[in-house]
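Structure first, commentary second.
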Amino acid sequence: MALKITVIAVGKLKERFWVEACAEYAKRLGAYAKLEFKEIPDRDPAKVGGEEKGVDLECSDVVAAIPERAHVILLDINGKELSSPEIAARLDDLALYGESDLVFIIGGSCGVNRAVRVRANERWSFGRITMPHNMARVVLLEQIYRGFRISRNEPYHK
């Protein structure tokens, strides 16, 4: 069974350079997995009754977008930091144990609620820095692509 990767992200890619970067990595990843994006509308706290209400609305949509049997990886600043070779090994392990439907979640600017954290099977971090969510999406796709290249001993710049 082919590996399916779904990226669920709160917010829409608006700037052309983010769209193009994601499209490039999506094209490259097509050789290794079926890739799908689900963009969840971000909620303006001022229009929905506060930050907590906005996060709850976003997260309700996030949880609803997760396929039932998917293995969920939440990108979280407090998650486990993995090197590129460790990401490659983790993707291999998941495939070896029959996890063919992977979901990566990138929350909104105000984070995620307990419901999303509870649904996540694991949490990964790209370090303790703060980065725009659009950039996190590009970094995620690049690291997944790099992981596949490493696993297959295919050349990729270091």
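The values are calculated or read from the model by the stated rules, or taken from the named source; none is laboratory data. None of the values given here were measured: they were computed from a predicted structure. Glycine gets a Cβ as well: all are built from the backbone with ideal geometry, and neighbour counts include every protein chain shown. Quick note on the areas: whole protein, heavy atoms, side chains included, nothing else; ligands and nucleic acids left out. Shrake-Rupley method; radii C 1.70, N 1.55, O 1.52, S 1.80 Å.
General observations
- Cβ-Cβ distances below 6 Å connect the following pairs, each with a first residue in segment 90-102 that is over 13 Å from Gly147 (Cα atoms), a second residue that is surrounded by 10 or more Cβ atoms within 10 Å (Cβ to Cβ), and a separation of six or more residues or different chains: Glu99/His71; Ser100/Leu3; Asp101/Lys4; Asp101/Pro67; Asp101/Ala70; Leu102/Ile5; Leu102/His71.
- When residues of segment 58-76 are limited to those that are in a loop (DSSP other than H, G, I, E, B) and in contact (Cβ under 8 Å) with a residue 24 or more places away in the chain, the one surrounded by the most Cβ atoms within 10 Å (Cβ to Cβ): Ala70
- Residue list for segment 1-32, filter: assigned to a loop (DSSP other than H, G, I, E, B) and farther than 21 Å from Gly147 by Cβ: Gly11, Lys12, Leu13, Lys14, Glu15
- Selected residue (criterion: farthest from Leu141 (Cα to Cα)) from residues of segment 77-115 that are in a strand (DSSP E or B) and open to solvent by 30 Å² or more (accessible area, probe 1.4 Å): Asn78
- Taking the criterion of being at pLDDT 95 or above, loosely packed, with under 12 Cβ neighbours inside 10 Å and either more than 21 Å from Val139 (Cβ to Cβ) or hydrophobic (A, V, I, L, M, F, W, C) (or both), the only residue of segment 1-22 that qualifies is Phe17.
- Odd one out for Pro45, checked against (1) under 15 Å from the mean Cα position of the chain (by Cα); (2) modelled with pLDDT under 95; (3) not β-branched (Val, Ile, Thr): (1)
- Checking each residue of segment 107-124 against the condition of being under 20 Å from Lys38 (Cβ atoms), in contact with an Asp or Glu (Cβ under 9 Å, 6 or more places away or on another chain) and of a type in the set (Lys, Arg) gives at least one match.
- Filtered residues of segment 37-57 (kept if surrounded by 13 or more Cβ atoms within 10 Å (Cβ to Cβ) and aliphatic (A, V, I, L, M)): Ile40, Val48, Val55, Leu57
- Checked against (1) of a type in the set (Ser, Thr, Tyr); (2) modelled with pLDDT under 95; (3) touching a strand residue (DSSP E or B) at 6+ places or on another chain (Cβ under 6 Å), Ser109 passes all but a single condition, namely (3).
- Pick from segment 15-57, criterion in contact (Cβ under 8 Å) with a residue 12 or more places away in the chain and among the basic types (Lys, Arg), ranking: nearest to Asn113 (Cα to Cα): Arg43
- Candidate set from segment 125-158 (those that are among the hydrophobic types (A, V, I, L, M, F, W, C) and open to solvent by 60 Å² or more (accessible area, probe 1.4 Å)); member that is farthest from Ala33 (Cα to Cα): Ile129
- If you filter segment 131-158 down to residues that are of a type in the set (Ser, Thr, Tyr) and touching a residue at least 40 places away in the same chain (Cβ under 8 Å), you find that the one that is nearest to Val7 (Cα to Cα) is Tyr145.
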